[in-house]
Structure formats: structure tokens, C-alpha cells
Amino acid sequence: MPAHVAESDSTPDPTSTTGTTDPLAHERAHLAASRAALRGMREDVQALDIRDVTADWVSAAVLQSQIDDRIKALADLPHTPLFFGRLDYLHAVGGELAEGADGERFYIGRRHVHDAAGDPMVIDWRAPVSQPYYQASRTNPQDVGLRRRFGYTGGELTAYEDEHLTDPAEAEHTSRLLQAEIERPRVGPMRDIVATIQPEQDEIVRSGLGGTVCVQGGPGTGKTAVGLHRVAYLLYAHRERLARTGTLVIGPNRSFLHYIEQVLPALGELEVKQATVDDLVRTGVEVRGEDEAATAVVKGDARMAEVLRRAVRSHVTAPVEPVVVVRGSRRWRVPAYEIQEMADELLARDMRYGAAHEALPQRIAHAVLVRMEEAGEAPDDRVQNAVARNPAVKAAVKAVWPAVDPAKVVLRLLSDAEFLAAHAEGLLSEEEQKRLLWAKPARSVKSAKWSAADAVLIDEAGDLVARTHSLGHVVLDEAQDLSPMQYRAVGRRCSTGSATVLGDLAQGTTPWSTESWGEALFHLGKADAVVEELTAGFRVPREVIAYASRLLPAISPGLAAVESVRESPGSLAVREVPGGAAELDAAVVAACEESLRHEGSIGLIAADARIPVLGAALEAAGHAYLAPGEETTAASRLTLVPASLAKGLEYDYVVLDEPGAVVDGEPDERTGLRRLYVALTRAVSGLIVLHAAPLPEVLVQA
């Protein structure tokens with residue numbers, strides 16, 4: 001049955017309790033009652049008095065913080081539908097809820113809402129009883145007789161659409177409301193997709209916490225949204241465990257994180273931290289330098305992990321004299337060869353350097369205690385600890401297994417050619433070693449102009465000294481752009497947990513981007529992860545994705561092209577601009593003005609070097625514009641986007657300036673074509689490509 005607005009009174013709702021047979025009026029009444037119930041839930045929490053239930057101010061502060069978070073989670077967002085669907089089951093749902101009559105009905109929404117008596121009015125989309133909303137079909141109705149979708153305008157319920165999954169007389173059709181929700185103009189940050197999750201996406205979202213999932217997805221397949229909704233689902237299904245261990249979303253840059261930051265709060269999840277890889281590893285050093293691409297490739301290579309391991313362990317030296325511990329009138333001697341055996345045993349166990357540094361004095365103290373017992377004494381643990389703190393023991397440990405500063409180890413590797421050569425032997429060529437060495441060595445950790453790749457090396461060295469804290473679950477987006485050493489840095493953050501890895505091999509735009517997910521997952525420490533591929537596109541129009549896919553044979557041979565489900569005739573325009581730079585600038589401004597006549601957000605994407613020129617052209621024409629990461633509004637919808645920051649973002653309409661300049665702005669052609677592929681696939685409704693110079697041959701030949 002098609003969507004209903006004006007004809008809504010043609011289908012009476014037999015269960016209506018509002019005194020009307022108009023289904024739309026009945027549903028609006030349920031929406032109003034549900035909002036009132038949510039307000040009541042929030043007021044109940046606000047009214048809690050904790051003065052008599054906490055023993056001290058610390059407990060009171062913790063409890064009050066939890067209450068404040070709960071109040072935030074129960075906020076009613078006026079322009080966000082409280083529920084978006086309804087399921088009418090043919091029979092009672094056993095075990096899920098309290099007993100009910102046959103034909104139980106559930107409203108599916110972003111969060112659970114119950115009335116004053118505790119009876120559910122809206123069911124959380126993550127609950128098991130909600131899953132058929134996404135998975136039920138005519139071939140497998142899952143006991144669902146009716147699936148109803150709702151349409152909203154500005155938070156007001158305006159339409160509904162029904163599917164009778166067990167009625168053979170009803171013709172199968174594409175949901176107009178579902179399509180309209182997918183194509184709804186996007187102003188502001190990224191939205192959740194709970195109303196539009198597709199079956200193949202839902203399977204990934206609901207996969208278990210125990211295993212790592214890698215999602216390969218082309219532009220418009222919803223992989224980022226799937227990853228974020230998977231976090232929300234895991235927090236629902238394993239809240240207590242993840243509350244202890246923590247969750248983290250890792251994105252490629254701050255603009256991207258700002259774009260996605262409202263998705264989880266809209267679903268009532270406020271505790272998920274967000275960071276870039278650079279944020280994770282910049283602890284203790286300031287990044288002020290930048291590497292050449294070839295140098296960064298070497299620093300990001302997995303072989304550097306072994307170079308660092310050798311360098312850290314090289315600080316262990318052979319003892320040259322025995323340890324003599326004086327206690328009272330007795331002297332206890334541990335010979336040098338025995339201390340050497342202890343050090344060798346610790347090295348063989350491959351313990352972290354810092355843990356072994358703490359263990360060695362206890363080993364020496366134990367040897368002393370054995371001698372005491374042989375002499376007839378009866379020492380206890382307190383004596384052993386006292387011996388371990390003895391000045392002679394501490395001096396021996398300092399000489400044999402000294403404390404190590406990770407940053408100083410990396411500083412020496414990058415400054416001292418002999419030290420680097422000694423630990424890179426058989427791993428790095430002479431040319432690669434030359435690339436690593438600073439032309440002008442820094443005098444200290446603080447004065448060094450560390451690069452982002454250096455910070456990753458320091459993080460690796462830090463983990464060799466002391467174990468990195470592991471979280472319960474990590475989502476890694478745009479993962480194809482990480483180096484092996486960056487994968488290792490992320491993997492340390494979920495070594496005892498799991499991960500959701502999201503990316504597209506065709507969009508790898510760093511010189512060190514991965515060629516296969518198997519390689520990436522190995523470096524992440526999750527070689528047994530399940531790799532899922534999303535090939536159905538829901539965001540980018542078919543004409544646009546087909547044009548961009550002309551690049552795939554050159555940038556990622558063998559990768560399947562995205563098959564868009566959206567036909568949008570006229571969504572692609574490729575225009576050659578005769579004349580020079582001035583004519584092209586004017587044409588770009590005119591194309592932006594043309595796009596602004598449509599509803600929604602506009603992105604002007606150009607090679608980084610062209611951004612200042614185009615910014616000046618827009619200002620001269622009287623057009624204000626935003627930078628990536630700044631939130632679009634109804635009054636300010638145009639964003640000027642450097643091609644290097646376009647990844648992960650999307651706009652209703654995109655104007656792409658000079659594709660050839662985008663390609664030429666990268667260090668090599670393959671990376672340039674991949675950058676162009678990203679830029680070509682940011683549009684949700686329409687794309688205008690403008691060029692004065694010839695287009696890249698691969699686009700023309702295809």
C-alpha cells in the first residue's frame with residue numbers, strides 16, 4: 001500500500017483507543033502520548049534524591065554524574081522522530097515482554113519509552129523484538145503480519161506506509177518513505193540511519209562483541225553509519241561489560257569526527273570517546289615537523305617494530321661484578337654469572353622491558369633469601385622486599401637493566417647513524433636508513449621537531465616498555481589509509497577487546513595505504529577477523545557512482561564497483577570551460593549558485609592549492625562559505641572543501657573543480673586518481689564537474 005496522508009481515513013485502525021478511525025490521527029496520538037511518557041521518565045530521574053543513599057562525597061559525585069548522563073540520554077529531540085516504524089506480530093512474542101494477546105504491536109524507535117505503569121510504548125531498535133523490522137521479508141516474514149513505516153516533516157508525523165508481509169494479494173513495491181528518508185537533504189552533522197538500515201547492514205550491526213568485523217564498502221554503502229550503529233548496538237547488548245572496558249571511535253581527522261559526533265548522542269549513547277590516530281599517540285611529545293612521503297613510508301613500515309624492539313632491549317648489559325647485600329653482621333653475595341642468568345631468562349620470556357626491570361630486583365632478592373634459608377634463617381616476604389630495595393641491588397639493576405625513556409630511544413635512532421645501523425641490520429637497507437636519519441640531529445626530546453610518524457614510533461617503543469591499556473571495543477574508520485605501524489598502535493588499544501574496521505581500498509590516498517584487508521588485519525592483531533563487503537549503494541546516485549567507477553581498474557583492480565539502488569536522471573553534469581583560469585573561477589561560482597537553488601548542503605571540492613583562489617572568487621561574488629567541520633545551517637549551506645579533507649564527508653550537491661588538478665596535487669598518479677575517486681563520490685543528489693584542462697585519460701577512455 002502506498003504512503004498515506006490525505007487518504008489516511010480509508011483504512012480504519014481497529015485497535016484505536018482515541019475515538020477515531022483515522023489511522024494517522026491514531027498514530028499521532030500515540031506519538032504525543034509517547035513524548036509525554038518520555039518526559040515523565042526524565043522527570044522521575046530529575047526528582048531522585050540521593051542525599052541519604054551515599055556514604056561520602058565521592059560516591060555522591062559519581063552517582064550524580066550517572067544521573068546527569070541519564071537525564072541527557074532521556075532528552076526529547078523535537079525534530080527527531082521518537083519512533084519510525086511499527087510491527088504487528090501475528091502471535092504473541094514469547095519471552096520478550098509481558099504476556100499479551102495475539103497480534104502484539106510494537107512501535108520501533110531510537111530508544112525505549114515506557115508509561116507510568118512500566119508498559120512499553122516505544123521499543124528500542126536494538127531489542128531482539130525489533131530485528132524483524134529490518135530483516136522480515138515476504139519470503140521470511142518472521143511472524144510479522146504488518147510492517148508500517150512513518151514519514152515525518154520537522155518532527156511531525158505526516159505519513160505512513162504499510163507492508164502486509166503475509167498477504168499474497170499485495171504486490172511487492174519499493175518503499176517511497178524509505179527512499180525519501182535516504183534522500184532527505186542533509187544540513188548539519190551526519191544523521192543516524194536507524195529508520196533505513198538494510199538487512200545486510202543489520203547483520204553487521206548485530207554481530208557479536210567477541211569477534212572483530214572488517215567492512216569493505218564503497219562510497220554510499222553506509223559503512224560509517226553501520227560502524228556507529230554497531231557501537232550503539234554493542235552498548236545496548238553488553239552495557240555493563242563495555243562500561244568497564246570502554247569504547248572508542250577513531251576517525252581520519254577532526255573534520256570527520258565533528259561530522260559524525262551527533263550520531264551516537266541521538267541514539268542516547270553519550271559515553272563513546274572519539275579520536276584520531278594522531279590523538280592516540282601524541283602523549284608526551286609535540287608534533288611540529290613533517291616527513292617527506294618516502295621517509296614516512298619507511299617510518300610506517302612494520303619492520304620498524306623489530307628495529308625498536310632491538311633498540312629497547314639493547315639497553316640490557318652484562319653484569320661486571322657480583323651483588324653484595326649487607327644485612328646486620330652478615331654479607332650475602334650473588335655472583336655476576338647468576339645475575340646474567342636471571343637477565344637472560346627475562347629476555348627469553350620476552351616480557352615488556354619495564355615489567356622485567358621491576359622483576360629483576362625481586363629475582364636477585366629471592367637468590368639472597370635462598371642463601372639465608374640455607375644458612376638457617378627464616379626470612380619472609382617483607383625481608384625479600386627489603387632486599388629488593390637494598391642500595392646494592394638497586395645499583396646492580398640500574399647497571400644491568402636500566403630504565404628506558406621511549407622518546408629518547410627513538411631520538412637516538414633518528415640521530416645516531418651507528419645506533420640505527422646496529423639495530424636495523426638485515427631489516428632496512430642503507431638507503432632506508434639514510435631516509436630515517438635527521439639532517440640536523442635534535443639535542444633533546446623537547447627540542448626535536450617530531451613528525452606524526454615519529455609519534456607512532458614513540459608509542460610503539462612505549463608499549464615495549466609498558467603495556468598499553470586495552471579497550472573493550474574500537475571502531476576504526478577510513479582504515480585503508482593507515483600504515484602498518486599505525487595499525488599496530490590501534491591494535492594495542494583493543495588487544496583484549498574487539499574492533500569494527502571500516503574502509504574502502506579504492507579510497508586509499510596515503511603513500512602507505514594498505515593493498516589488502518588481510519595485511520591490514522594482521523598488523524592490527526586481528527588476523528581472524530571476518531571481512532564483510534557492502535556493494536549496494538544507497539547514497540550516491542547511479543549515474544555519479546558509475547562515472548567515478550571508471551577509475552577503479554586503475555586504482556584498485558579487481559574491486560567490485562558499487563551498485564547504486566538510486567536512479568536520479570540529470571544528477572551528473574561534466575562541463576568543459578573554455579578560456580583560462582578566470583573563466584573557470586567564474587564558472588565554479590556560477591555552478592555553486594546553481595546548486596544553492598536546490599535544498600540541502602553544497603560542497604565545493606577542489607585541489608588544496610586551488611582553495612585560496614576559489615575562496616577569494618566566492619567572497620568577491622558575495623558568497624560566504626564554511627570550512628570542513630563547521631556545521632551547515634539553513635542560512636549557510638556552502639562548504640569549501642580541500643580534496644585532502646573530503647573523505648568521509650557528504651553533501652547533497654557537489655561542485656568539483658578541475659579534476660586534473662586534484663590528481664596532480666598528489667605525489668603519484670595512483671594516489672591522485674584515488675583522491676579524485678573520493679571527490680567524485682561525495683554527492684548525494686547531484687554532481688557538477690568543471691574543467692578547463694583535459695580530464696584524466698582514464699575518465700575519458702572509459
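The values are calculated or read from the model by the stated rules, or taken from the named source; none is laboratory data. Not measured: the values here are computed from a predicted model. Cβ: placed from backbone, ideal geometry, glycine included. Neighbour counts: every protein chain shown. Surface areas here come from the heavy atoms of the whole protein model, side chains and all, with no ligands, DNA or RNA. Shrake-Rupley method; radii C 1.70, N 1.55, O 1.52, S 1.80 Å.
Side notes on the structure shown:
- Qualifying residue in segment 152-163 (condition: among the polar types (S, T, N, Q) and open to solvent by 20 Å² or more (accessible area, probe 1.4 Å)): yes
- Among residues of segment 514-523 being within 21 Å of Ala296 (Cβ to Cβ) and without any contact (Cβ under 8 Å) to a residue 40 or more places away in the chain, the one that is most open to solvent (accessible area, probe 1.4 Å) is Phe522.
- Residue match in segment 241-257 (condition: aliphatic (A, V, I, L, M), open to solvent by 10 Å² or more (accessible area, probe 1.4 Å) and either outside any strand (DSSP E or B) or out of contact with any Cys (no Cβ under 6 Å at 6 or more places or on another chain) (or both)): yes
- Boolean, Val194 is modelled with pLDDT of 95 or more and crowded, with 19+ Cβ neighbours inside 10 Å: no
- Some residue of segment 543-554 being farther than 19 Å from Ile182 by Cα, in a loop (DSSP other than H, G, I, E, B), modelled with pLDDT of 90 or more and of a type outside the set (A, V, I, L, M): no
- Looking across segment 377-418, the residues that are part of a loop (DSSP other than H, G, I, E, B) and of a type outside the set (A, V, I, L, M) come down to Glu377, Pro379, Asp380, Arg389, Asn390, Trp401, Pro402, Asp405, Asp416.
- Number of the exception - Arg244 against (1) basic (Lys, Arg); (2) in contact (Cβ under 8 Å) with a residue 24 or more places away in the chain; (3) within 25 Å of Leu82 (Cα to Cα): (3)
- The single condition among (1) outside any loop (DSSP other than H, G, I, E, B); (2) over 26 Å from Leu464 (Cα atoms) that Leu308 does not meet is (2).
- The set of residues from segment 600-647 being modelled with pLDDT of 95 or more, of a type in the set (Ser, Thr, Tyr) and open to solvent by 40 Å² or more (accessible area, probe 1.4 Å) comprises just one member, Tyr625.
- Some residue of segment 360-375 being over 17 Å from Arg327 (Cα atoms) and either outside any loop (DSSP other than H, G, I, E, B) or out of contact with any Lys or Arg (no Cβ under 9 Å at 6 or more places or on another chain) (or both): yes
- Residue list for segment 625-653, restricted to those being touching a Ser or Thr at 6+ places or on another chain (Cβ under 6 Å) and assigned to a loop (DSSP other than H, G, I, E, B): Pro628, Gly629, Thr632, Arg637
- Scope segment 160-206; condition in a helix (DSSP H, G or I) and touching a helix residue (DSSP H, G or I) at 6+ places or on another chain (Cβ under 6 Å); matching residues: Pro199, Gln201, Asp202, Ile204, Val205
- Residue match in segment 164-186 (condition: in contact (Cβ under 8 Å) with a residue 40 or more places away in the chain and on the phi > 0 side of the Ramachandran plot): no
- Residues being within 33 Å of the chain's Cα centre (by Cα) and either over 15 Å from Val654 (Cα atoms) or among the charged types (D, E, K, R) (or both) - total across segment 614-629: 3
- The numbered conditions (1) hydroxyl-bearing (Ser, Thr, Tyr); (2) open to solvent by 70 Å² or more (accessible area, probe 1.4 Å); (3) not in a helix (DSSP H, G or I) are all true for Thr317 except (2).
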